[in-house]
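Visitor: This is the structure, below, for whatever I ask next.
The values are calculated or read from the model by the stated rules, or taken from the named source; none is laboratory data. Fair warning: this is a prediction, and the values are worked out from it, not measured in the lab. Cβ atoms come from the backbone with ideal geometry, glycine included; neighbour counts cover every protein chain shown.
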There are 2 protein chains.
Amino acid sequence: MSVLPSTEVLLLGPGPSPVSPRVGAALGAPARSHLDPEFMAILDDARARLARVFRAPAGAIASAVSGTGTSGMETVVANLTETGMCVLVVVTGYFGERLAQMFERYGAAVERLRVQWGRAVDPAAVAYAMRDGQFDIVGWVHVETSTGVVNPLAEIAAIAHEHNALCVVDAVTSLGAMPFDAAASGIDAAYSCSQKGLGAPSGLAPVMFAPSALARRVRCRSFYFDLDLLESYWIGRKYHHTMSAPLLFALDAALCETEEEGLDARWQRHERHHLKFAAGLAARGWSLLPEPAARAWSLNAVRVPEGADEAAVRRRLLAEHRIEIGAGLGPLAGQIWRVGLMGAGSTEANVTAVLTALDEVTR
Amino acid sequence: MSVLPSTEVLLLGPGPSPVSPRVGAALGAPARSHLDPEFMAILDDARARLARVFRAPAGAIASAVSGTGTSGMETVVANLTETGMCVLVVVTGYFGERLAQMFERYGAAVERLRVQWGRAVDPAAVAYAMRDGQFDIVGWVHVETSTGVVNPLAEIAAIAHEHNALCVVDAVTSLGAMPFDAAASGIDAAYSCSQKGLGAPSGLAPVMFAPSALARRVRCRSFYFDLDLLESYWIGRKYHHTMSAPLLFALDAALCETEEEGLDARWQRHERHHLKFAAGLAARGWSLLPEPAARAWSLNAVRVPEGADEAAVRRRLLAEHRIEIGAGLGPLAGQIWRVGLMGAGSTEANVTAVLTALDEVTR
């Protein structure tokens, strides 16, 4: 017999981030079925808001896939990739590698541009990697959740477009938290999640296909992720799957909050609290893994200071301070903590709380 | 600007079904991240409960995929099907056809055993269809949501197993509502949804793989639906995707309620209210589409009586009585209403409410 949690944990890991009271209340709003007129009006509203939050170009399709961020990744890849295509994937960490594997599963020949974990990719390296080959797609991760690194957007897109390659971007840990402008940067397709910068629970994956991507979509092998079928539901109101009312309502509420705050103001809030956290670390003689110019505002990769027991610190933070932070992934396991200050979690009070708690458990 | 619903609608369509207060409250329990120890304990609890609710054989894997029922269908198909396999699919309606298409998308040569919509399949027809061919898999739908028909389980499984074919069953509209016993019936793999007989919101898809199916799994093309990766998360606690806390908590609460009621008692409750509803229809000179022996207890396909305006009746039920019922799909559009009495929605009061409301709007 399990018992559901009755006490709060402050979610400052790599996601999910905390939800606001309004988003929490939206989860409990009276349910509607997936084809109910009120439901469809909220879906239309959320789609319009997602297009604006992605800053999608005119004619783009933006919506939310019924799954987590990885389902968004698979939706984008599955609708743009067919056997024999050549894809360049920039791998600056765990999620770049996942994106490369996703393209391979859909039949692409993938060339990996590998960058040391903790560094951002240099656009010149992308230009060099593309100098000879003919690539159909270039894929990369905006904010690499495993390293806290932010990669450039517009500079890489410009290079890719010179070679007539589509640009696919993972915006899982940037959307709603860091400057992301698909139209201005020339991003052709992107995906994200609901539970980080946007501040909703997980379970829906925002996706964006610009007209340039829509024009190059392929016959999708997956049924669940088939954009033609998804469009026929999102826009044509034809049954495809039973989208979850509580998740949609919570996402729409989170998107309302995002737009009421204003995207630019929201980005600045994330920057401010990231900088405050970084300054607090520096004052303690601690450091972040990425160079200052490559640091994401949403996710902070903190080097575990000498003498600290990485796992014990996380356990004590959770047990004694009710604060969750994340561990390192892959080669960074044991070497970093991942502290997310995202969505409703990006506050000055939370910066103070996590620094104070870290002081106490590493004293 | 969208406004979330503030009034209740009684969900008596083909799903989602209403949630109980306990399940609704579970949605709002304090969140945990997807690798939190408390979260994993609840996932373990839900997995054990799902195995029991499927009545899975020893050694089976039961869990919930992060998507809707169709994602469960795709997970089962994607992990058991490879190019060139031969699959027999019994098509008694819309969802049988969807299952056939799903197998085709994963490379199978599919033979369809087509049965008139509104009728159950005769196991003798399955035996006849299998007399010559060599099939790797036989797939069929237990309760066909488009017609309200229940198909046999054990009789078909016995025939399939004589031919060494795996049995894949769609239990989307039967799990938790009608007798389903994977072990006793010899079902090798099955999938369902959270929002019908189990009484949770949509967004998670229960799946069950018996050891016989696990032994014949293939290399999965999809990343999101890859059973090896899902197992490494469900059981190995290795990150694969960010499972949604509110959805898991609500599903676990719904499974607790299901088991506290008792599966047999729950099935009988569904039978009792189905029979009461059918008797009420008969008293009005109305009828159900399937023959009595083929009628599902969860979903009632009501023939639209002569002179009634099918769509107008549904609209008025919703607008004036705040009751949702469903329309017919495909060739049954305009000819039937689909009235679901499932999960927490299967009550005597709801039978009376929907009959009374139908009286008023068809008067």
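Visitor: For the stretch B:20-30, what are the residues that are touching a helix residue (DSSP H, G or I) at 6+ places or on another chain (Cβ under 6 Å) and more than 7 Å from chain A (Cβ to nearest Cβ)?
Guide: Selection gives B:Ser20, B:Arg22, B:Val23.
Visitor: Right, here's the next one. Restricting to the stretch A:336-350, name every residue that is in contact with a helix residue (DSSP H, G or I) (Cβ under 9 Å, 6 or more places away or on another chain), over 20 Å from A:Cys193 (Cα atoms) and in a helix (DSSP H, G or I).
Guide: A:Glu348, A:Asn350
Visitor: Mind checking which residues of the stretch A:107-121 are assigned to a loop (DSSP other than H, G, I, E, B) and in contact with a Cys (Cβ under 9 Å, 6 or more places away or on another chain)?
Guide: Passing the criteria: only A:Ala108.
Visitor: Scanning for something of a type in the set (D, E, K, R), surrounded by fewer than 20 Cβ atoms within 10 Å (Cβ to Cβ) and touching a strand residue (DSSP E or B) at 6+ places or on another chain (Cβ under 9 Å), does the stretch A:103-110 turn up at least one residue?
Guide: Scanning the stretch A:103-110 turns up at least one residue that is of a type in the set (D, E, K, R), surrounded by fewer than 20 Cβ atoms within 10 Å (Cβ to Cβ) and touching a strand residue (DSSP E or B) at 6+ places or on another chain (Cβ under 9 Å).
Visitor: (1) of a type in the set (Lys, Arg); (2) under 17 Å from B:Arg47 (Cα atoms); (3) in contact with a Gly (Cβ under 8 Å, 6 or more places away or on another chain): which one isn't true of B:Arg295, the others all being true?
Guide: Exception for B:Arg295: condition (2).
Visitor: Let me ask you something else. Given A:Leu299, A:Leu288, A:Leu281, which one is under 16 Å from A:Leu175 (Cα atoms), in contact with a strand residue (DSSP E or B) (Cβ under 7 Å, 6 or more places away or on another chain) and assigned by TED's automatic domain parsing to the domain that holds A:Glu324?
Guide: Answer to the check: A:Leu299.
Visitor: Here is a further query. Quick one: would you say B:Arg221 is surrounded by 19 or more Cβ atoms within 10 Å (Cβ to Cβ), within 11 Å of chain A (Cβ to nearest Cβ) and charged (D, E, K, R)?
Guide: yes
Visitor: Here's a follow-up. Restricting to the stretch A:267-292, name every residue that is among the basic types (Lys, Arg) and more than 24 Å from the chain's Cα centre (by Cα).
Guide: Once the filter is applied, which keeps residues that are among the basic types (Lys, Arg) and more than 24 Å from the chain's Cα centre (by Cα), the stretch A:267-292 yields only A:Arg284.
Visitor: Something else about it: Here's a check for you: in the stretch B:336-350, which residue that is over 13 Å from B:Lys276 (Cβ atoms) and in contact (Cβ under 8 Å) with a residue 40 or more places away in the chain is surrounded by the fewest Cβ atoms within 10 Å (Cβ to Cβ)?
Guide: My answer is B:Ala344.
Visitor: Is it true that B:Val168 is surrounded by 24 or more Cβ atoms within 10 Å (Cβ to Cβ), of a type outside the set (D, E, K, R) and in contact with a Cys (Cβ under 9 Å, 6 or more places away or on another chain)?
Guide: It is false that B:Val168 is surrounded by 24 or more Cβ atoms within 10 Å (Cβ to Cβ), of a type outside the set (D, E, K, R) and in contact with a Cys (Cβ under 9 Å, 6 or more places away or on another chain).
Visitor: Here's another thing I want to ask about it. Is at least one residue of the stretch B:69-92 outside the structural domain of B:Gly326 (by TED's automatic domain parsing), among the charged types (D, E, K, R), buried (at least 18 other Cβ atoms within 10 Å of the Cβ) and within 26 Å of B:Ala154 (Cβ to Cβ)?
Guide: There is at least one residue in the stretch B:69-92 that is outside the structural domain of B:Gly326 (by TED's automatic domain parsing), among the charged types (D, E, K, R), buried (at least 18 other Cβ atoms within 10 Å of the Cβ) and within 26 Å of B:Ala154 (Cβ to Cβ).
Visitor: Please determine, by comparing only the residues of the stretch B:138-162 that are small (Gly, Ala, Ser) and within 12 Å of the chain's Cα centre (by Cα), which one is farthest from B:Pro290 (Cα to Cα).
Guide: So, considering only residues that are small (Gly, Ala, Ser) and within 12 Å of the chain's Cα centre (by Cα), the one farthest from B:Pro290 (Cα to Cα) is B:Ser146.
Visitor: Any idea which residue in the stretch B:280-311 is nearest to B:Gln116 (Cα to Cα), counting only those that are of a type in the set (Gly, Ala, Ser) and in contact with a helix residue (DSSP H, G or I) (Cβ under 7 Å, 6 or more places away or on another chain)?
Guide: Looking at residues that are of a type in the set (Gly, Ala, Ser) and in contact with a helix residue (DSSP H, G or I) (Cβ under 7 Å, 6 or more places away or on another chain), I get B:Ser287.
Visitor: Here is a list: B:Ser33, B:Ser6. Which entry is at the interface with chain A (Cβ under 8 Å from one of its Cβ atoms), closer than 20 Å to A:Leu27 by Cβ, of a type in the set (Ser, Thr, Tyr) and surrounded by 18 or more Cβ atoms within 10 Å (Cβ to Cβ)?
Guide: Matching residue, one of B:Ser33, B:Ser6: B:Ser33.
Visitor: Next question. Of all residues in the stretch B:169-186, how many are hydroxyl-bearing (Ser, Thr, Tyr) and either under 10 Å from the mean Cα position of the chain (by Cα) or under 20 Å from B:Gly199 (Cβ atoms) (or both)?
Guide: Result for the stretch B:169-186: 2.
Visitor: Picking from B:Leu11, B:Leu50, which residue would you name as being within 7 Å of chain A (Cβ to nearest Cβ), in contact (Cβ under 8 Å) with a residue 40 or more places away in the chain and under 21 Å from the mean Cα position of the chain (by Cα)?
Guide: B:Leu11
Visitor: Among the residues of the stretch B:122-162, write down those that are in a loop (DSSP other than H, G, I, E, B), buried (at least 24 other Cβ atoms within 10 Å of the Cβ) and either basic (Lys, Arg) or in contact with a Pro (Cβ under 7 Å, 6 or more places away or on another chain) (or both).
Guide: B:Thr145, B:Thr147, B:Gly148
Visitor: Please go through (1) on the phi > 0 side of the Ramachandran plot; (2) away from chain B (no Cβ under 12 Å) for A:Gly203 and return the number of the only condition it doesn't satisfy.
Guide: (2)
Visitor: For the structure I just gave you, tell me whether A:Ala177 is in contact with a Lys or Arg (Cβ under 7 Å, 6 or more places away or on another chain), assigned to a loop (DSSP other than H, G, I, E, B), on the phi < 0 side of the Ramachandran plot and modelled with pLDDT of 95 or more.
Guide: yes
Visitor: Among (1) more than 14 Å from chain B (Cβ to nearest Cβ); (2) farther than 19 Å from A:Ser17 by Cα; (3) surrounded by 13 or more Cβ atoms within 10 Å (Cβ to Cβ); (4) of a type in the set (A, V, I, L, M), where does A:Ala353 come up short?
Guide: Unmet condition: (2).
Visitor: Against the conditions (1) small (Gly, Ala, Ser); (2) over 18 Å from the mean Cα position of the chain (by Cα); (3) within 23 Å of A:Ser66 (Cβ to Cβ), where does A:Ala165 fall short? Just the number, please.
Guide: Status for A:Ala165: all satisfied but (3).
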